[in-house]
Amino acid sequence: MTKITLSHGSGGRLMHDLIKKLFVKELGNPLLNKLGDAAIFKTGSRLAFTTDSFVVSPIFFPGGDIGKLSICGTVNDLCVSGARPRYLSCAVIVEEGFGYSDLEKIVLSVKMTCKKAGVDIITGDFKVVEKGAADKVFITTSGVGDIYQGASLSIERIRPGDKVIISGTIGEHGAAVLLAREELKFKAKISSDCAPLNGLTSAILNKGIKFMRDPTRGGLATTLNEIAIDSGYNIGIEESKIPIKESVRVLCEALGMDPLYMANEGKVVVIVAPEAEGKVLSIMKKHPLGRKSVIIGEVKKERNKRVYLKTRIGGKRIVDMLSGEQLPRIC
Ligand code: MG
């Protein structure tokens, strides 16, 4: 078999064979292998539950692909909620004619990322739609995680004087996907930062942090605006402190884009009490995904719910929420 046909999604023998020979073979575990109408599992704690659809184009890009992204995205939303990600669902919609080898590559990437993140896919779905009814492949993942004991992350706990930490350089996912689009002939090597954040986020829970969010679509600027609006306080950040790789900076300058709005898929914004900043920062810097962690600003006492940027030359400007879509189908 080289291409996926409509019969692979028909519910008949071909579909059952594909599910067993690819999905169950690669992603199997005792709960998934039962192939029941629903996976039945037990958990004793408070749960976090999230869902996300992935429509990234192109489906393969430096540093990742739609499979890896669909696991990291859901895992990371659980992580920043103070949960230990446990079980995921995975629903795949494929366009008729899609290459079997590409589907296999995506499933293997899902498998590897699940292993890295310590999660199992315990239920799933597979559908095929007519040519043109979808673009290649779309994936929806949902996930549940156990809230760690004592984790009490809440945007309402944010107070003036709290510090804003970013776990590393910004904008790489957005830049990598943009570069991978064929219409762009720009010579630069940029890889997506796509990665599961479990290890990094669990290490700093209960260490004085008040809130975390992953600055994905809309970038750091959008996440900080959400925090300003929902906490009710202004946030001040300093341009000179925001880490950006030179290649991303050059690409953004060439295209007239602002890296503050470029998507990240392996970074976290942490709001921490001032007395805990040193400890949290040193823990983050010891983790491979947090080596470049840095304080970029703080929560202000003013309450007009805006984000202000102190520019390199000493000016001050408002960093607004992303208006419109800067880059469609970035995740
Ligand atoms: Mg998120």
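Tabulated data for the structure shown
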| quantity | calculated |
| --- | --- |
| Within the chain, percent of DSSP bridges classed antiparallel, to nearest 5 | 75 |
| Environment charge at LYS25 (Cβ cut-off 12 Å; Lys +1, Arg +1, Asp -1, Glu -1) | 0 |
| Counted charge near ASP214, where neighbours are those whose Cβ lies closer than 13 Å (Asp, Glu -1; Lys, Arg +1) | -2 |
| Size of the stretch 155-318 as Cα extents on the principal axes (Å, biggest first) | 47, 35, 25 |
| Summed residue charge, Cβ within 14 Å of CYS252's Cβ, Lys/Arg positive, Asp/Glu negative | -3 |
| Other-chain or far-sequence residues with amide H under 5 Å of ASP125's (modelled H) | CYS90, ALA91, VAL92 |
| Cα pair distances of the stretch 37-146 binned at 5 Å [whole percent] | 2, 13, 23, 24, 18, 11, 6, 3, 1 |
| Sequence-separation-based contact order of the stretch 155-318, relative, with Cα cut under 8 Å and 6+ spacing, percent | 43 |
| Candidates CYS252, CYS79, CYS90, ranked by Gaussian network fluctuation over the chain, Cα under 10 Å, top entry | CYS252 |
| Highest-MSF residue in the chain out of PRO259, PRO288, PRO215 [GNM, Cα springs under 10 Å] | PRO288 |
| For the stretch 157-204 versus the stretch 248-274, the gap between their alpha-carbon centres in whole angstrom | 6 |
| Proximal aspartates and glutamates to LYS279, defined as alpha-carbon separation beneath 19 angstrom and excluding residues fewer than eight positions away on the same chain | ASP162, GLU298 |
| Accessible-area ranking of ASP17, ASP162, largest first, probe 1.4 Å | ASP17, ASP162 |
| Per residue accessible area in Å² of the stretch 37-146, where ligands, DNA and RNA are left out and the probe is 1.4 Å | 43 |
| Cα-derived Rg to Rh of the chain, Kirkwood definition | 1.00 |
| The stretch 270-331: trypsin sites (Lys or Arg not before Pro) in DSSP coil with no more than 16 other Cβ atoms inside 10 Å | ARG291, LYS292, LYS301, ARG303, LYS305, ARG312, ARG329 |
| Cα centroid separation - the stretch 55-88 against the stretch 15-36, whole Å | 21 |
| The chain - percent of accessible surface contributed by carbon and sulfur, probe 1.4 Å | 52 |
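The values are calculated or read from the model by the stated rules, or taken from the named source; none is laboratory data. These numbers were taken from a predicted model, which means no experiment stands behind them. So basically every Cβ, Gly included, is an ideal-geometry build from the backbone, and we count neighbours across all protein chains shown. Just the protein is used for accessible areas: all its heavy atoms, side chains included, with ligands, DNA and RNA removed. Shrake-Rupley method; radii C 1.70, N 1.55, O 1.52, S 1.80 Å.
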